[in-house]
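Just below is one structure, and these are the notes that go with it.
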Amino acid sequence: MALVELRQDGAVMTAVLNRPANHNALTPEMIGEATAVFRDLALRNDVRVVVLTGNGRSFCAGADLNSMRAAADFGYEENFADGQAIFDMVQAVDSCPQPVIGRVNGAAIGGGVGLVSACDIVVAVERAKFAFSEARLGIVPAVISPFVLAKIGVGNGRELFLTGERFDAAHAQRIGLVQHVVAEEELDAKVNERIEQVLQAAPGAQTVAKELIRAVAYQPKADMRDYTAALIAQRRASDEGREGMSSFLEKRQPNWRIVNG
């Protein structure tokens, strides 16, 4: 079974995260497959638009539970390599020369929000929930941060990175993470409407426009690869990171949790 399923309809390619029973949570294999898919799409002349979505009722729930258990025993070098792999996946989406439309059909958590932030245009269902939940696990959203902050800005990142709280699609739209929020039954119609608008423009101009935005607006994300991978490796090995992971897996409160009232 393909972990990222491809469906082509003319010039439109849909890439579907395909672990619906696990809310499309990211495993190392899925991360590798998604990276390879988007690197291959970058070379395709027969694809004008890419739609990224999830199979089932979730977009992407972030890290897979078994992968989190394995990461709890990783050494620094393994965590560093794991961080680089996640960065490479999100960058492959972000640097895709074709316009990428995010079809957010449900929850996007952690690395899932990183994928959302890498899309050029995002349409989300009203019930979609989002979170940068890493701080509640004693870690930080390090490797997705260059992409996320480019999308939502530092001010919004300050609050959401620090609280790790969940927020709804309406709030995601207010901060610029998504452009369009629709009822579930309207999702495909809105995505198709965006596809039709994208197809009105010249493909070469669109590729150059994406390069222009990256060159003018942001520091090169690739420069942040090793820094962010090192940071997540350090945090996973920290006392807080180990306690956060253990408490999550053991379904208990971490030792820093304070409940007022």
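Read-outs throughout are calculated quantities, based only on the coordinates presented, and are distinct from any laboratory measurement. Computed from a predicted structure; not experimentally measured. Heads up, the Cβs are rebuilt from the backbone with ideal geometry, glycines too, and the neighbour counts pull from every protein chain shown.
Rounded to 0.05, the FRET efficiency of the Asn255 and Gln219 pair, given R0 = 25 Å and the Cβ-Cβ distance, is 0.10.
What you get for region 1-135, charging only the Cβ of Lys and Arg (+1) and of Asp and Glu (-1), is a dipole of about 580 debye around the Cα centre. Against the chain, whose longest principal axis comes from its Cα atoms, helix 76-94 is set at around 20 degrees.
Here the Gaussian network model covers the chain, with springs between Cα atoms less than 10 Å apart; of His23, His171, His180, His171 fluctuates the most.
With respect to the chain, whose longest principal axis is taken over its alpha-carbon atoms, helix 145-163 is tilted by about 40°. Helix 225-237 and the longest principal axis of the Cα set of the chain meet at an angle near 30°. Just Lys210, Lys251, Lys151 to compare: in a GNM of the chain, with alpha carbon springs under 10 Å, which one fluctuates most? Checking each option, the largest mean-square fluctuation is seen for Lys251. Over the chain, dividing the summed -39,500 (n - 2.57) contributions of all DSSP H runs of at least 4 residues by the number of residues returns a 222 nm mean residue ellipticity of -15000 deg cm²/dmol. Pair-distance distribution P(r) for region 1-106, from all Cα-Cα distances in 10 Å bins starting at 0: 15, 46, 30, 8, 1 percent. Cβ-Cβ distance of Asp46 and Ala189, R₀ of 22 Å, FRET efficiency by 1/(1 + (r/R0)^6): the value works out to about 0.30. When you have a sec, figure out the Kirkwood radius of the chain from all distinct Cα pair distances and drop it here in Å to one decimal? Mean inverse Cα-Cα distance, inverted, gives 18.6 Å.
I want to verify a result. In a Gaussian network model of the chain, Cα cutoff 10 Å, which of these has the top mean-square fluctuation: Asn105, Asn79, Asn156? Comparing Asn105, Asn79, Asn156 in a Gaussian network model of the chain, the most mobile one is Asn156.
Given charges of +1 on the Cβ of Lys and Arg and -1 on the Cβ of Asp and Glu, with all other atoms neutral, how large is the dipole of the chain about its Cα centre, in debye to the nearest 20?
So the dipole magnitude of the chain works out to roughly 440 debye.
If one puts a single equal scatterer on every Cα of region 42-151 and applies the Debye formula without solvent, what log₁₀ I(q)/I(0) results at q = 0.11, 0.18, 0.22, 0.23 Å⁻¹? Debye curve over Cα of region 42-151, log10 I(q)/I(0) at q = 0.11, 0.18, 0.22, 0.23 Å⁻¹: -0.37, -0.93, -1.26, -1.33. Peptides 159-170, 117-128 ranked from most to least packed give 117-128, 159-170, packing being the mean of other C-beta atoms within 10 angstrom over each peptide's residues. When Glu240, Glu77 are arranged by Cβ crowding within 10 Å, least crowded first, meaning fewest neighbours, the order is Glu77, Glu240. For the listed peptides 5-11, 228-234, 58-64, a ranking on the average number of other beta carbons within 10 Å per residue, highest first, reads 58-64, 228-234, 5-11.
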